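S.K.: Below you will find the structure I want to go over with you.
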Amino acid sequence: MYNINMNLVKSIVAEIVEKKTIENVAFVGCGASKSELYPAKYFLANASKKLRVAHYTANEFNFDTPDWLGESTVVITASLGGTTPETVKANGVATAAGATVIALTHAKGSALDQTADYAIIHGFEANYAAKLEKMGYAMAIALELVNQIEGYDKYDHMIEAFDKIFEVCENAAKCAGKAARQFAQEYKDAPMVYIMSSGASAEVAYSSSICLMMEMQWINSGNFHAGEFFHGPFEIVEKDVPFILLMNDGKTRPIDSRALEFLNRFDALTTVVDAKDYALANACSSDVITYFNPLMHTAVFRVFAEEISYIREHPLSKRRYMWKIEY
């Protein structure tokens, strides 16, 4: 069963491409929302033979606006609460240039909703699957854009995966408790945690580091692409240095496997969240599975973050500066 309304996405894209010739697509957001747009960007950049595809943190988009922004551009913005000032401003920048804006937010009637040409209101609280809806909608928009503009030969396989992925991820999250509690026990006193992944999940590692660890747990954290591990970061590996590897099922798995082999070789403290272990293949055929790893990693690692918050007695909602002072 879909956790997202595919017919809504299809109709929005159909209306856009009927009115305009689309040549550019930009994904714009901040923090976790930015990272949740990345799988859509990754997919579209790989799948499209015609479209220019870009991914921005919102204020960079606002201050260093691309020259190609205009009538031929679709801008997809995202903000959970719909009030992130930089992202709301990005809606205005895009609209002023003549671009079409699709906003993804959980907050109907919010500034992001009201300043977009189209807004999709997604879920969040209900369960782990609901927390994937923002990411899922962005991917669905990307899929419809490439298919309606130029055709996509794996379209049916992507649709089949969307039909299954949310239930599979929900079940995976529910099964992750034992591993998550072990992780929490081993990492609760870690002064620093490094997180890496590859492919479509590269920015799940990024957001897990900057949001779940640094923002929500006040744990120092670094993140990098697993493909970059041997081009600098591996020099800090030694016994018991804490690493988290979000391991992919699909085309970039050899990149992750190489990193894991090195971590084990030098006895680093390593936690692996492997999409294969959580049966991602039950949702996706092998020719599109690469693109769905981020949903699985996001659902499962959320459980890990919750467990470490419990053992450290530091709720994920606790902040020192965010929303409390001017910044």
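S.K.: Which listed residue (78, 37, 56) has the Cα farthest towards the positive end of the charge dipole for the stretch 26-78, taking +1 on Lys and Arg C-beta and -1 on Asp and Glu C-beta about the Cα centre?
M.R.: Towards the positive end, the residue furthest out is 37.
S.K.: Quick one: net charge around residue 212, please, counting Lys, Arg +1 and Asp, Glu -1 for every other residue with C-beta under 15 Å from its C-beta.
M.R.: Once all neighbours under 15 Å are counted, the net charge is +2.
S.K.: For the stretch 1-89, run through the GluC sites (Glu not before Pro) and keep only the ones in DSSP coil with at most 15 other Cβ atoms within 10 Å of their Cβ.
M.R.: In loop regions of the stretch 1-89 (DSSP not H, G, I, E or B), the sparsely surrounded GluC sites (Glu not before Pro) are 23, 71.
S.K.: How much of the accessible area of the stretch 64-145, in percent, comes from carbon and sulfur atoms when a 1.4 Å probe is used?
M.R.: 51 percent
S.K.: Using alpha carbons only, how many angstrom separate the centre of the stretch 103-126 from the centre of the stretch 53-102?
M.R.: 15 Å
S.K.: Oh, and also: I'd like the Karplus ³J(HN,Hα) series for the stretch 239-253: coefficients 6.51, -1.76, 1.60, θ = phi - 60°, whole numbers in Hz, and an x wherever there's a Gly or Pro.
M.R.: 4, 6, 5, x, 10, 10, 10, 8, 8, 8, 9, x, 5, 8, 4
S.K.: DSSP loop (so not H, G, I, E, B), at most 10 other Cβ within 10 Å: list which GluC sites (Glu not before Pro) in the stretch 290-327 pass both filters. Provide the component values of the computation, followed by the final result.
M.R.: Values: sites: 306, 307, 313, 326; in loops: 313, 326.
Those that pass, being in a loop and sparsely packed, are 313, 326.
S.K.: Quickly estimate the mean residue ellipticity at 222 nm for the chain, helices only: each DSSP H run with n ≥ 4 gives -39500 (n - 2.57), and the total goes over all residues, rounded to 500.
M.R.: Taking each H run of at least 4 residues, the total per residue is -13500 deg cm²/dmol.
S.K.: Leaving out ligands and nucleic acids, note down the accessible area per residue over the chain with a 1.4 angstrom probe, in whole Å². Walk me through the numbers before you get to the answer.
M.R.: On the way: 14180 Å² over 327 residues.
So the chain comes to 43 Å² accessible per residue, rounded to a whole number.
S.K.: Same structure, new question: Starting from the amide H of residue 119, placed 1.01 Å from N in the peptide plane, find each other amide H under 5 Å away whose residue is 5 or more places distant or on another chain.
M.R.: Answer set, sorted by chain and number: 103.
S.K.: For the stretch 207-308, just say rounded, prolate or oblate: build the C-alpha gyration tensor, square-root its eigenvalues into a ≥ b ≥ c, call rounded for a/c under 1.5, and beyond that prolate if a/b exceeds b/c, oblate if not.
M.R.: oblate
S.K.: Per residue Cα convex hull volume for the stretch 134-254, in cubic angstrom? Don't jump to the answer; show the numbers that get you there.
M.R.: Values: hull volume 17.1 nm³, N = 121.
Expressed per residue, the convex hull around the Cα atoms of the stretch 134-254 is 141 Å³.
S.K.: If you find the alpha carbon centre of the stretch 1-44 and of the stretch 278-312, how far apart are they in angstrom?
M.R.: With the stretch 1-44 and the stretch 278-312 each reduced to a Cα centre, they are spaced 21 Å.
S.K.: Can you tell me the dipole magnitude for the stretch 165-292 around its Cα centre, using point charges on the Cβ only (Lys, Arg +1; Asp, Glu -1), in Debye to the nearest 20? Please report the intermediate quantities before stating the final value.
M.R.: Working: 10 positive and 17 negative charges, 40 e Å.
Charge dipole of the stretch 165-292: 200 debye, to the nearest 20.
S.K.: Among the trypsin sites (Lys or Arg not before Pro) in the stretch 77-139, which ones are in a DSSP loop with at most 16 other Cβ atoms within 10 Å of the Cβ? Mind listing them?
M.R.: Here the sparse-neighbourhood loop sites are 108.
S.K.: Determine the dipole magnitude for the chain: charges of +1 sit on the beta-carbon of Lys and Arg, -1 on that of Asp and Glu, nothing else is charged, the reference point is the Cα centre, and the result goes in debye to the nearest 20. Don't skip to the answer; put the middle values down first.
M.R.: Values: 30 positive and 40 negative charges, 73 e Å.
Dipole about the Cα centre, nearest 20: 360 debye.
S.K.: Does the chain come out rounded, prolate or oblate, given a ≥ b ≥ c as the square roots of the eigenvalues of its C-alpha gyration tensor, rounded meaning a/c under 1.5 and, failing that, prolate meaning a/b above b/c?
M.R.: prolate
S.K.: Mind scanning 108/188; 251/318; 41/251 and naming the pairs with a C-alpha gap bigger than 28 Å?
M.R.: Table pairs above 28 Å Cα-Cα are 108/188; 251/318.
S.K.: Accessible area, 1.4 Å probe, largest first: how do 87, 65 sort?
M.R.: Largest to smallest exposure gives the sequence 65, 87.
S.K.: Also, I was wondering about something else. Sequence gap at least 6, Cα distance under 8 Å: using those rules, report the relative contact order of the chain to the nearest whole percent.
M.R.: In percent, rounded to a whole number, it is 18.
S.K.: What's the local net charge at residue 286, with K and R +1, D and E -1, over the other residues with C-beta under 11 Å away?
M.R.: Overall, the nearby charge balance is 0.
S.K.: So, with +1 on the Cβ of K and R and -1 on the Cβ of D and E, and no other charges, what is the size of the charge dipole of the stretch 82-183 about its Cα centre, to the nearest 20 debye?
M.R.: 580 debye
S.K.: With viscosity set to 0.890 mPa s and temperature to 25 °C, compute the Stokes-Einstein D of the stretch 42-175, Rh being the Kirkwood radius across alpha carbon pairs; µm²/s, no decimals.
M.R.: Estimated via Stokes-Einstein, D reaches 155 µm²/s.
The values are calculated or read from the model by the stated rules, or taken from the named source; none is laboratory data. All values derive from a computational prediction rather than experimental measurement. Reconstructed Cβ throughout: ideal geometry from the backbone, glycine too, with neighbour counts over all protein chains shown. Just the protein is used for accessible areas: all its heavy atoms, side chains included, with ligands, DNA and RNA removed. Shrake-Rupley method; radii C 1.70, N 1.55, O 1.52, S 1.80 Å.
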